[in-house]
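Undergrad: Next up is a structure, given as structure tokens.
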Amino acid sequence: MPKDSGIGAATRRREDARFLLGSGRYSDDIVLLNQTYAVFARSEVANGIIKTINTSEAEKMPGVIAVFTGDDFVDVGGNPAGWLINSRDGEPMKEPKRPVLAHGKVRHVGDAYAAVIAETEQQARDAAEKINADIMELPAIIDMTSALSGSNYVHDEIETNQCFDWGWIEDNREATDNAIKNAHHVTTLELTNNRLVPNAMEPRCSIADYNAANDDYTLYTTSQNPHLTRLLISAFVLGIPENKLTVVSPDVGGGFGSKIYHYGEEALVLAAAKRIKRPVRWTASRSESFMTDAHGRDHVTKIELALDKDNNFLAFRTETMANVGAYLSNFSTVTPTILHGTLMAGNYSVPNIYVNVKAVFTNTAPVDAYRGAGRPEATYSLERVIDKAALELNLDPIALRRQNFIKSDQFPYVTAAGLNYDVGDYDAIMDRLEHHADIKGFAERKKISEKQGKLRGFGVNSYIEACGIAPSNLIGTLGARVGLYDAATIRVNATGNISVMVGAHSHGQGHETAFPQIVADMLGVDPNNVEIVHGDTSKIPFGMGTYGSRSLAVCGSAIVRGIEKIIAKGKKIAAHMMESTEDNVDFEDGVFSVRGTNKTVSFGDVALKAYIPHNFPIEDIEPGLEETAFYDPQNFTYPAGAYACEVEVDPNTGKVSIERFAAADDFGNIINPMIVEGQVHGGLAQGIGQALLEGCVYNDDGQLISGSYMDYTMPRAADLPSFVVDHTVQTPSTDNPLGVKGCGEAGAIGSPPTVVNAVINALRSAGHDITHIDMPLTPARVWAAMNN
Amino acid sequence: MSNVTMTVNGKTVSGSVEGRTLLVEFIRNDLHLTGTHVGCDTSQCGACAVHVDGKLAKACTMFALEANGSEVSTIEGQANEDGSLNVIQQAFKDHHGLQCGFCTPGMVMAAADLLKTNSKPTELEIREHLEGNICRCTGYHNIVKAILAASGQDVSNIAAE
Ligand code: FES
Ligand code: FES
């Protein structure tokens with residue numbers, strides 16, 4: 001096997017050709033015989049009582065086959081939250097039912113209350129407009145503070161808008177309060193983490209096919225985790241037996257979290273397909289995506305940092321209100337809690353940490369995990385308050401961070417927020433960053449900017465993230481209602497090539513290229529002879545899919561375990577073939593050999609023997625060469641990094657431009673550096689988008705003001721610089737066999753505070769006494785801050 | 001319903017469409033050329049980019065009838081004659097200019113349009129030319145690099161490790 005194609009090689013992606021030639025197969029590209037089209041009638045108001053829905057006119061429209069309303073789904077289950085969070089007083093969170101179609105009340109703009117199935121999409125659309133709904137509009141509950149104090153409820157039956165009031169770690173509360181009370185210096189910062197719309201470029205799409213002969217269903221859907229979607233539909237929503245439902249997620253055009261979750265449209269097309277005995281399809285328009293995809297972030301936070309007289313960190317105390325929107329999306333309760341609170345040590349050695357999070361229902365779209373999921377929120381709060389402390393104490397922001405870093409010889413390190421960081425070297429990362437950032441040259445570049453009438457600023461940050469959340473035993477005690485292992489089946493075919501069926505799902509991450517690199521490395525075969533099968537529950541083992549930068553650390557490890565089993569069985573077969581015993585057989589570079597002899601047999605011959613078991617010890621060894629492994633990690637992995645950015649601010653307009661951006665990350669071992677760099681670039685763009693451009697806005701009436709690309713500013717090519725990325729610091733994870741950590745979210749986690757720190761630095765250097773501006777730092781906001 | 005006839009990727013095709021049928025719907029649903037994508041409903045994302053009579057066009061922003069008699073080319077018509085990736089497509093692959101692939105056809109069509117009139121564009125010119133195309137995955141870094149490389153320019157100086 002050419003070593004330049006195994007682990008560590010920048011192998012070009014095999015999936016690219018089909019995408020570049022226009023022959024990818026995304027859900028909406030699938031055409032089924034006799035298919036019909038679903039179009040939804042959606043609420044135009046944020047909050048309202050459904051008095052009547054008259055569908056008779058719609059039913060008479062040309063081409064209409066069926067019309068559904070919430071009444072059709074009162075007897076089926078709701079779409080559940082995947083994580084139970086208890087409040088500080090031990091009360092379980094409030095979990096109002098999330099129905100397939102709104103019933104009784106509509107709770108956000110875009111909430112679907114009816115659906116039309118017709119022969120063509122246009123006919124369905126025309127008919128949906130004829131649905132006559134009498135909806136009595138109620139005042140919208142939008143602002144979180146008023147939601148908590150008011151007596152209008154998003155869900156009347158729970159008589160509160162507070163989903164939970166969570167403390168982490170409750171036993172640390174008093175010590176943290178005392179540390180802050182007695183500290184030499186306390187820096188306080190109030191900030192918002194702006195609400196974002198994920199905006200995967202492929203809108204959601206679901207197509208249901210019901211087979212009456214066998215009473216079974218196939219659902220083609222844009223999912224990051226087809227097995228989870230199937231489980232939710234089967235066990236909670238429609239009750240279709242799992243073995244009668246196949247979920248296929250073919251090529252998926254990006255997810256970033258928004259396609260983790262099960263959505264009502266999936267259940268609707270399944271139920272409709274069964275009723276009309278024809279395939280039913282639905283594809284979201286971008287407007288529907290804006291209104292109904294789970295949004296991200298949306299925290300309002302107060303954070304305090306206490307320091308002693310030598311500038312050592314003593315405590316972080318955080319109070320957050322987290323918007324969960326109108327209904328609990330599947331991971332909406334874990335994101336602002338476990339994935340946020342446990343990260344509040346950052347990269348720092350700090351003895352006291354306490355986090356309080358109140359989750360609030362509002363008349364807005366559900367909010368859930370979006371690239372980074374809780375960790376960007378934690379990082380933003382920490383890294384902004386640290387920068388503010390540096391300002392107040394007149395300290396160098398890098399020196400203050402370095403002084404308080406957990407040092408490389410302190411690992412494993414248990415933080416006051418309860419995580420056990422296995423390895424890391426934050427100073428080494430900062431060294432790499434300082435090298436790339438060329439801090440010495442900053443003064444000169446600043447002069448040049450000033451000559452052109454621009455302010456120039458420098459910002460830096462550090463981040464830690466926790467990927468591959470696990471182990472299932474632990475997360476079960478924290479409220480998880482699922483396990484977070486993954487699975488792989490390695491099927492060595494009789495002719496020696498290999499199919500690997502994985503629970504992870506690739507929607508841009510390049511698994512079809514990177515996973516074979518692992519297999520090739522371990523088995524000494526050509527990676528081109530290894531095929532990855534994903535995204536079809538009828539083919540793959542039960543795995544949990546792709547999110548949280550988990551695919552390589554968890555599913556990659558399952559592949560390793562599966563291959564180890566293959567090698568173990570191969571040794572038995574080889575021992576028989578070479579008339580030796582398995583403990584005398586070695587395996588290296590695709591060849592089995594008997595130790596101390598020149599007897600060898602190739603991997604391919606062993607595979608052939610396994611399937612044509614003539615002269616085979618059938619009483620001791622089963623024929624075939626196929627193994628499945630489930631892998632449940634013993635800990636999270638902890639990627640870390642430091643980012644630096646230089647901005648120019650136009651003092652006349654407030655416009656910010658990113659002039660330089662450098663990222664130094666420690667992802668542990670790297671399978672394919674080209675893919676890793678691409679993941680970092682994409683994350684940086686999303687984080688810079690959050691910092692400067694993107695903001696999802698509802699007005700007081702609950703109307704979505706930023707409901708299209710005309711009003712929601714997506715980062716475009718000219719908004720971004722080229723990036724310098726470095727991943728030469730590699731402290732391999734000690735908790736998985738590959739030593740990998742995960743790289744998918746890093747960029748989105750580390751970049752927002754970096755950018756904001758740089759802008760504040762630029763403004764202050766021009767004499768503006770500004771310590772904070774809330775994201776997105778639009779020209780209007782920056783200009784207003786300067787001209788206060 | 002009206003009849004429409006056009007040349008798509010060198011082949012004459014015709015069909016019957018409603019007045020409101022968009023060119024992209026005709027391409028995807030009638031011609032089954034599903035490489036041209038739909039990413040928005042406000043003419044902003046460029047996932048639907050094609051060439052109409054040699055000019056870059058958003059196929060979601062034209063009615064099929066408006067393309068009557070036109071020469072249309074889509075991503076399916078971009079490969080070399082032997083079916084292999086053309087220079088731009090190969091550069092996207094070599095420089096990891098795509099991840100999920102959804103924006104990619106539009107990006108390739110936009111790049112081809114740029115290189116037709118500007119054979120050695122600068123990084124800034126490339127970024128500005130892509131103003132009508134959104135990519136959520138790549139952060140554009142490697143798309144820009146791929147287009148520079150496709151134009152035969154040295155990309156070793158593009159900020160990277
Ligand atoms: S689909 Fe044409 S611009 Fe978005
Ligand atoms: S590659 Fe996914 S949107 Fe561009």
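The values are calculated or read from the model by the stated rules, or taken from the named source; none is laboratory data. Not measured: the values here are computed from a predicted model. Neighbour counts are summed over all protein chains in view; Cβ atoms, including those assigned to glycine, are modelled from backbone coordinates with ideal geometry. Side chains included, ligands, DNA and RNA excluded: accessible areas come from the protein's heavy atoms. Shrake-Rupley method; radii C 1.70, N 1.55, O 1.52, S 1.80 Å.
Undergrad: From the P(r) of segment B:87-150, can you give the percent of Cα pairs sitting at distances over 20 Å?
TA: Result for the distance tail: 10 percent.
Undergrad: Right, next: Name the residues of segment B:119-153 whose accessible area, probed at 1.4 Å, falls by at least 40 Å² once all protein chains are in place instead of their chain on its own?
TA: B:Arg127, B:Ile134, B:Arg136, B:Cys137, B:Gly139, B:Tyr140, B:His141
Undergrad: Only loop residues by DSSP count here, and only those with at most 10 other Cβ atoms within 10 Å; note down the GluC sites (Glu not before Pro) in segment A:587-626 that meet that. Please report the intermediate quantities before stating the final value.
TA: Numbers: sites: A:Glu588, A:Glu619, A:Glu626; in loops: A:Glu619.
Listed in order of number, the matching sites are A:Glu619.
Undergrad: Beyond a 25 Å Cα-Cα separation, which of these cross-linked pairs lie in this structure: A:Lys181/A:Lys309; A:Lys388/A:Lys440; A:Lys446/B:Lys120?
TA: A:Lys446/B:Lys120
Undergrad: Still on this structure: Residues of segment B:1-45 that become at least 40 Å² less accessible with every protein chain present than in their own chain isolated, using 1.4 Å: which are they?
TA: B:Arg20, B:Arg28, B:Thr34, B:Gly39, B:Asp41, B:Thr42, B:Gln44
Undergrad: Please give the length that would be gained between A:Asp526 and A:Arg18 if that part of the chain were fully extended, namely 0.36 nm times their separation in residues minus their C-alpha to C-alpha distance (nm, one decimal).
TA: 180.8 nm
Undergrad: With θ set to phi - 60° and the Karplus curve 6.51 cos²θ - 1.76 cosθ + 1.60, what are the ³J(HN,Hα) couplings of segment A:26-31 in order, to the nearest whole Hz, using x for Gly and Pro?
TA: Running phi through 6.51 cos²θ - 1.76 cosθ + 1.60 with θ = phi - 60° gives 8, 3, 5, 7, 7, 10 Hz.
Undergrad: Using a probe of 1.4 angstrom, how much of the accessible area of segment B:87-150 is carbon and sulfur, in percent?
TA: C and S atoms contribute 51 percent here.
Undergrad: Further question on the same structure: Okay, helix-only estimate at 222 nm for the protein assembly as shown: each DSSP H run of n ≥ 4 adds -39500 (n - 2.57), divide by all residues, round to 500 deg cm²/dmol; what do you get?
TA: The helix-only estimate for the protein assembly as shown comes to -8000 deg cm²/dmol at 222 nm.
Undergrad: While we're looking at this one, here's another question. Counting each pair of different Cα atoms once, what's the Kirkwood radius of segment A:468-592 in Å, rounded to one decimal?
TA: 15.6 Å
Undergrad: Can you give the Kirkwood hydrodynamic radius of the protein assembly as shown from its Cα pairs, in Å with one decimal?
TA: Over the protein assembly as shown, the inverse of the mean reciprocal pair distance is 29.0 Å.
Undergrad: On a C-alpha basis, how far is the centre of segment B:30-89 from the centre of segment A:249-320 in Å? Whole number, if you could?
TA: Spelled out, the Cα-based centre of one part sits 31 Å from the other.
Undergrad: Between A:His435 and A:His772, what length comes free when the chain is fully extended (0.36 nm per residue of separation minus the Cα-Cα distance, one decimal in nm)? Each step should come with its number before you reach the end.
TA: Details: separation 337, 0.36 × 337 = 121.32 nm, distance 2.76 nm.
Taking A:His435 through A:His772 to full extension adds about 118.6 nm, to one decimal.
Undergrad: Sequence gap at least 6, Cα distance under 8 Å: using those rules, report the relative contact order of chain A to the nearest whole percent.
TA: 16 percent
Undergrad: Roll a 1.4 angstrom probe over the protein heavy atoms and tell me the percent of accessible area of segment B:2-76 that is carbon or sulfur.
TA: On the way: 1470 of 3090 Å².
Accessible surface attributable to carbon and sulfur in segment B:2-76 totals 47 percent.
Undergrad: OK, next. Which lysines have a Cα lying under 22 Å from the Cα of A:Lys244, excluding residues fewer than 8 positions away in the same chain?
TA: In chain and number order, the partners are A:Lys274, A:Lys277, A:Lys539.
Undergrad: What accessible area per residue comes out for segment B:87-150, rounded to a whole number of Å², with a 1.4 Å probe?
TA: That works out to 27 Å² for each residue.
Undergrad: Determine the shielding of peptide A:717-728 by partner chains: average, over its residues, the number of Cβ atoms on other chains within 10 angstrom of each Cβ.
TA: Rounded to a whole number, the mean comes out at 6.
Undergrad: Going by Cα centres, segment A:84-123 and segment A:37-76 are how many Å apart?
TA: Between the Cα centre of segment A:84-123 and that of segment A:37-76, the gap is 14 Å.
Undergrad: Let me ask something else about it. Treating only the Cβ atoms of Lys and Arg (+1) and Asp and Glu (-1) as charged, compute the dipole magnitude of chain A about its Cα centre; round to the nearest 20 debye.
TA: It comes to approximately 760 debye.
Undergrad: Please list, in order along segment A:141-153, the HN-Hα scalar couplings obtained from phi with the Karplus expression 6.51 cos²θ - 1.76 cosθ + 1.60 (θ = phi - 60°), rounded to whole Hz, x for Gly and Pro.
TA: 9, 10, 6, 5, 5, 5, 4, 6, 9, x, 10, 9, 10
Undergrad: Further question on the same structure: Please work out the average accessible area per residue across chain A, using the 1.4 Å probe convention, and give it in Å².
TA: Here the residues of chain A average 34 Å² of exposed surface.
Undergrad: What residues of segment A:701-715 lose no less than 40 Å² of accessible area with every protein chain in place versus their chain by itself (probe 1.4 Å, heavy atoms only)?
TA: Checking the loss per residue gives A:Tyr709, A:Met710.
Undergrad: Taking the mean number of other Cβ atoms within 10 Å as a proxy for protection, how do you rank A:168-177, A:202-211, A:97-106 from highest to lowest?
TA: So the order, starting with the most tightly packed, is A:202-211, A:97-106, A:168-177.
Undergrad: DSSP loop (so not H, G, I, E, B), at most 14 other Cβ within 10 Å: list which trypsin sites (Lys or Arg not before Pro) in segment A:242-285 pass both filters.
TA: For trypsin sites (Lys or Arg not before Pro) across segment A:242-285 that sit outside H, G, I, E and B with at most 14 neighbouring Cβ atoms in 10 Å, the list reads A:Lys277.
Undergrad: How large is ³J(HN,Hα) for each residue in segment A:681-692, as worked out from phi by the Karplus curve 6.51 cos²θ - 1.76 cosθ + 1.60 (θ = phi - 60°), to whole Hz, x for Gly and Pro?
TA: Karplus values, whole Hz, x for Gly and Pro: 3, x, x, 4, 4, 5, x, 5, x, 4, 5, 10.
Undergrad: May I pose another question? Rounded to the nearest 100 Å², what is the buried accessible area between B and A, both sides summed, probe 1.4 Å?
TA: Working: alone 8620 and 28680 Å², together 32820 Å².
The buried area between B and A, both sides summed, comes to about 4500 Å².
Undergrad: Now a separate question. Hey, how many Å between the Cα centroid of segment A:704-734 and the Cα centroid of segment A:660-702?
TA: Comparing the Cα centres of segment A:704-734 and segment A:660-702, I get a distance of 3 Å.
Undergrad: Do any chymotrypsin sites (Phe, Trp or Tyr not before Pro) in segment A:7-95 lie in a loop, going by DSSP, with at most 13 other beta-carbon atoms within 10 Å of their beta carbon, and if so which?
TA: Values: sites: A:Phe19, A:Tyr26, A:Tyr37, A:Phe40, A:Phe68, A:Phe73, A:Trp83; in loops: none.
Here no loop site has a sparse enough neighbourhood.
Undergrad: What's the lysine pair count for segment A:571-697 at a Cα cut-off below 21 Å, pairs eight or more apart or interchain?
TA: Details: A:Lys571/A:Lys599; A:Lys571/A:Lys609; A:Lys572/A:Lys599; A:Lys572/A:Lys609; A:Lys599/A:Lys609.
Step by step, the pairs that qualify in segment A:571-697 add up to 5.
Undergrad: Hey, any idea what % of segment A:614-757's accessible area is carbon plus sulfur with a 1.4 Å probe?
TA: Carbon with sulfur: 47 percent of the solvent-accessible area.
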